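Scroll down for the structure; my scribbles are underneath it.
The values are calculated or read from the model by the stated rules, or taken from the named source; none is laboratory data. No experiment lies behind these values; they were computed from the predicted model shown. For neighbour counting, all protein chains shown are included, and Cβ atoms are generated from backbone atoms with ideal geometry for every residue, glycine included.
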Amino acid sequence: MPIRLTEEKIRQLLKQHQGQPPQHRLSDPSYVECDVFIAGSGPIGRVFSISATYARTILDWAEKNNKTTPKIVMADIGSKDGKITGGHHKNSIKYQKDIDMFVNVIKGALQPISVPTSDVFQSTLGGTAWTPALEQALVIQGHNPNQKPQMNLKASAVTRTVGGMATHWTCSCPIPNDEERVELHKVIPKLNMDSLLNEAGILLNVHSNEFDDSIRHNLVKKGLTDAFTQFPGRTFQNIPLAAERRSDNKDYVTWTGADTILGKWNDTFDLLTETRVTRVGWEDPLRENKSPVQLALVRDLNTGNDRLIVAKAFIIACGSVPTCQILWNSKISEEVLGQYLTEQSMTFCQVIMKSELISSVDPEDPRVVAHRTNHPNDPLPIPFNDLEPQSMIPYTPEFPWHVQIHRDAFSYGDVGPKADPRTVVDLRFFGKGEVKKENRIFMAPLHGTFNEWKAGVTDIYGMPQVTFEVTRTEADKQRDQRMMKDMTTIANYLGSYLPGSEPQFMASEPGLAMHVTGTFRIGNSADNSVADDQSRVHGIPNLWVGGNGCLPDATASNPTRTSVAIALKGAQSVIDYIAPLL
Ligand SMILES: Cc1cc2nc3c(=O)[nH]c(=O)nc-3n(C[C@H](O)[C@H](O)[C@H](O)COP(=O)(O)OP(=O)(O)OC[C@H]3O[C@@H](n4cnc5c(N)ncnc54)[C@H](O)[C@@H]3O)c2cc1C
């Protein structure tokens, strides 16, 4: 049963749990009681995929079984940044008409996690300006004196907004190859996983044929067909996308966000915005980990006031890195937390399509005829509202990488006024990274009294500063090189490199893979994993984790569909746990 708290008890708990000075202000009400508390509003939690997956599954179950609707409270460190709670920002017509503008949204959404301070010296700064002394380092915005640049994941970032990264994601949702699920199948059998992945596809509104009538998509398909006649056995297909053409206007697409996942449940439960989840814990902070978690400590970032959330079940789905910060603050699974981290490598280039491909556009196509009539000065036979190409080459054991040949917002080359964006095609090749225990994040200890929270060990949100220790293995490097060669071969069948977007490894810019996995992996033993097959933290009956951190494998395919699939199983176990308590 949830605990009952008096004002005096709350003050005592806040003091014990966070070392707050006793006079620290409390929110009004100072504690909230609910059935299920979800930290994070990404797709996995509520408002994006993972939180949303948990919330939707629990609410659907209650409705179908005529149960009292469980009271769900969700807290997110970000604000509502769009007209639809948790909606994908790319659904704005502005970005559908000009996809390259969306790169600014992505850049603005990514706050770096760890920035080495070694390169802050500015040789051209006037000598009278303030600058840190020799032995000092900047500690703002992820600047981290402990970060070795060689072991950093420089591109790694957090999106702090209601809806999480699903407010800007590309929506590519392939089903991973069995080779990308070896560890996963030791925890969740293949048959079970296959059906969860299908269910996740439905929840994410995944479709594969929405771009079939795009002229540009068909040009890319033609180019790839020509290429693959040289490589018998290799195949390409449409990217399975969490997206659907709008029924009221086919020129536009509705990209899946947390709102799509929640469906009719969006905006029906309590969402505390700009509220940091600090930790979860017990009435007696010295209590052993093995009993049910009783409370979560959250802070309203607007007022600075703290509040306790008392619940029957707790789900932490704040992304691969912030979830670890909350568990670390809670002294939970400290021995394995953050280890076995993997991140994908990426090679990238952009080509301008061959003129022989452009000339293969059917001049009799009514859309082309209409375009020519309306825009006689346009040298291209492609209507302005023609949708982008969306092709993919799936991972295979012979070519163990995931390939997207498409057009997306985060282009690094300067298409600028010199090239027509309709002729540009992006090639993104995602490589996997071997799983090893030593690849990890670690955090400075934060336990103890308020005064022990020293500057430099917290990030700007007051959570423990994360340091990466990640290197690629020799096998990873060899595979990356083969992937690069494969990309250049295929690119040459499609066109010529856009100046500025020649083939390159992308490991250090925002808007990249954003697919950190393994940090709170699921597994069969508490010795090498944080949670069990149900995503329930080992040894704690009412605490679940959700997100890409659950994935125990080296994957090349985009991970969200798999994380949603795992969350669906987790949500069922939340239901089994709370049903008798409602
Ligand atoms: C440019 C880009 C392209 C991508 N493309 C793809 C793709 O094509 N396919 C794919 O599978 N994936 C893609 N992704 C990744 C995908 O968006 C993530 O896998 C997915 O969003 C993870 O969901 P999540 O709910 O676990 O975490 P997030 O979406 O990160 O949500 C976490 C939530 O937790 C909140 N939070 C963080 N810390 C706290 C705290 N202390 N207290 C309270 N709340 C907190 C955040 O505000 C956020 O709302 C892409 C991401 C980006 C940025």
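Output yes when any residue across the range 329-345 is part of a helix (DSSP H, G or I), touching an Asp or Glu at 6+ places or on another chain (Cβ under 8 Å) and surrounded by 22 or more Cβ atoms within 10 Å (Cβ to Cβ), and no when none is.
Checking the range 329-345: not a single residue is part of a helix (DSSP H, G or I), touching an Asp or Glu at 6+ places or on another chain (Cβ under 8 Å) and surrounded by 22 or more Cβ atoms within 10 Å (Cβ to Cβ).
Go through HIS515, HIS447 for me and flag whichever is within 16 Å of the ligand (Cβ to nearest atom) and modelled with pLDDT under 95.
HIS515
Please enumerate the residues belonging to the range 535-551 that are surrounded by 24 or more Cβ atoms within 10 Å (Cβ to Cβ) and of a type in the set (Gly, Ala, Ser).
The answer is SER535, GLY546, GLY547, GLY549.
With respect to VAL351, is the statement that it is among the β-branched types (Val, Ile, Thr), assigned to a loop (DSSP other than H, G, I, E, B) and either touching a helix residue (DSSP H, G or I) at 6+ places or on another chain (Cβ under 8 Å) or over 23 Å from VAL105 (Cβ atoms) (or both) true?
Judged against the criteria, VAL351 is not a match.
Give the residues of the range 356-378 that are assigned to a loop (DSSP other than H, G, I, E, B) and in contact (Cβ under 8 Å) with a residue 24 or more places away in the chain, sorted by residue number.
Scanning the range 356-378 gives SER360, VAL361, ASP365.
Please find, within the range 181-208, the residue that is surrounded by the fewest Cβ atoms within 10 Å (Cβ to Cβ) out of those that are within 20 Å of the chain's Cα centre (by Cα) and hydrophobic (A, V, I, L, M, F, W, C).
Checked the range 181-208; the qualifying residue surrounded by the fewest Cβ atoms within 10 Å (Cβ to Cβ) is ILE202.
What number of residues in the range 537-578 are in a helix (DSSP H, G or I), near the ligand (Cβ under 8 Å from one of its atoms) and among the small types (Gly, Ala, Ser)?
The qualifying residues number 2.
Of all strands (runs of 3 or more DSSP E) completely enclosed by the range 1-112, which ones contain at least 2 residues that are at pLDDT below 85?
Where strands (runs of 3 or more DSSP E) fall fully within the range 1-112 and carry at least 2 residues being at pLDDT below 85, they are 26-33.
Give the residue, chosen from ASN66, ASN104, ASN152, ASN91, that is more than 17 Å from PHE468 (Cα to Cα) and touching a Phe, Trp or Tyr at 6+ places or on another chain (Cβ under 9 Å).
None of the others qualify; the one that does is ASN91.
Take the residues in the range 239-256 that are part of a loop (DSSP other than H, G, I, E, B) and more than 16 Å from GLU199 (Cα to Cα), then tell me which one is nearest to the ligand (Cβ to nearest atom).
Out of the qualifying residues, it is ILE239.
Is it the case that some residue within the range 364-377 is modelled with pLDDT of 95 or more and buried (at least 20 other Cβ atoms within 10 Å of the Cβ)?
yes
Do the conditions hold for ARG482, that is, is it of a type outside the set (A, V, I, L, M, F, W, C) and assigned to a loop (DSSP other than H, G, I, E, B)?
no
Only residues that are closer than 16 Å to GLY78 by Cα and in contact with a helix residue (DSSP H, G or I) (Cβ under 7 Å, 6 or more places away or on another chain): list them for the range 321-341, please.
THR323
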